[in-house]
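What follows is a single structure, written as structure tokens, with notes after it.
The values are calculated or read from the model by the stated rules, or taken from the named source; none is laboratory data. These figures come from a predicted structure and were not determined experimentally. Glycine also receives a Cβ, built like all others from the backbone with ideal geometry; neighbour counts cover every protein chain displayed. The area values use the complete protein model at the heavy-atom level, side chains included, leaving out ligands, DNA and RNA. Shrake-Rupley method; radii C 1.70, N 1.55, O 1.52, S 1.80 Å.
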Amino acid sequence: MKVLKEDDNSFVIYFFDVKEAYSEDDKPQIIKIVKDVVLRANQIYRLNLKGFYKVRVYLNKKIGFVIEIINVDDISLNHALDLRVLVYFDQDFYIEVDNFDFLPNQKKIVCVNNKYYINADSLSKNEMISLLELGNVIYKTDLIDNFYLGKIITN
């Protein structure tokens, strides 16, 4: 688990643990897992979450969960936490790195503004682990849509 503070009102949690492929039928189970992860992160990282939060969960079978937590209202509920969870299934995730040399051979790579992107689904588990330490996970559709501006390279 990795937690990044975006600003005073939002956090992103990367939970790199998927034991199975999830489907729409598993939504209640996913929401329970996400709530448990958020509560655990709140304790471990002392996020001091309380109030109402919108939670967006981006799911990918190779990487796991990316959980965006956005504060909607911080009215006092006796330190209670209320989460409204939205789940997005089968999202395309990319790994972004600065150095082309770190990327594996024989893979489709996109170059945009001197950054290199590779689709996470095309990576083996070992390749994924090494690249996650060196780069960033890109999961938002609006960022991925900009890839058409980039140059396609095969390493």
Matching residues in segment 111-126 (touching a strand residue (DSSP E or B) at 6+ places or on another chain (Cβ under 9 Å) and open to solvent by 20 Å² or more (accessible area, probe 1.4 Å)) number 8
Within segment 74-110, restricting to residues that are acidic (D, E) and open to solvent by less than 60 Å² (accessible area, probe 1.4 Å), the one that is farthest from D25 (Cα to Cα) is E96
Only one of K54, K62, K108 is of a type outside the set (V, I, T), under 16 Å from D17 (Cα atoms) and touching a residue at least 24 places away in the same chain (Cβ under 8 Å), namely K62
Screening V55, V112 for residues that are at pLDDT 90 or above and not basic (K, R) leaves only V55
Among (1) out of contact with any strand residue (DSSP E or B) (no Cβ under 6 Å at 6 or more places or on another chain); (2) outside any loop (DSSP other than H, G, I, E, B); (3) surrounded by 14 or more Cβ atoms within 10 Å (Cβ to Cβ), F11 falls short only on (1)
The one condition F15 fails out of (1) closer than 17 Å to F89 by Cβ; (2) over 17 Å from the mean Cα position of the chain (by Cα) is (2)
Scanning segment 14-42 for residues that are open to solvent by 30 Å² or more (accessible area, probe 1.4 Å), among the hydrophobic types (A, V, I, L, M, F, W, C) and in a helix (DSSP H, G or I), the one farthest from K140 (Cα to Cα) turns out to be L39
D90 fails exactly one of (1) part of a loop (DSSP other than H, G, I, E, B); (2) in contact (Cβ under 8 Å) with a residue 40 or more places away in the chain, namely (2)
Checked D101, D82 against criteria (without any contact (Cβ under 8 Å) to a residue 12 or more places away in the chain and outside any loop (DSSP other than H, G, I, E, B)); the one match is D101
Of the listed residues (N42, N78, N48, N71), the one being at pLDDT below 85, among the polar types (S, T, N, Q) and over 12 Å from the mean Cα position of the chain (by Cα) is N78
Flagged in segment 43-57 as assigned to a loop (DSSP other than H, G, I, E, B), surrounded by 13 or more Cβ atoms within 10 Å (Cβ to Cβ) and not charged (D, E, K, R), in numbering order, are Y45, L47, L49
- Yes or no: D8 among the charged types (D, E, K, R) and modelled with pLDDT under 90? yes
message = I'd like to know if segment 59-71 contains one or more residues that are assigned to a strand (DSSP E or B) and open to solvent by 80 Å² or more (accessible area, probe 1.4 Å).
response = no
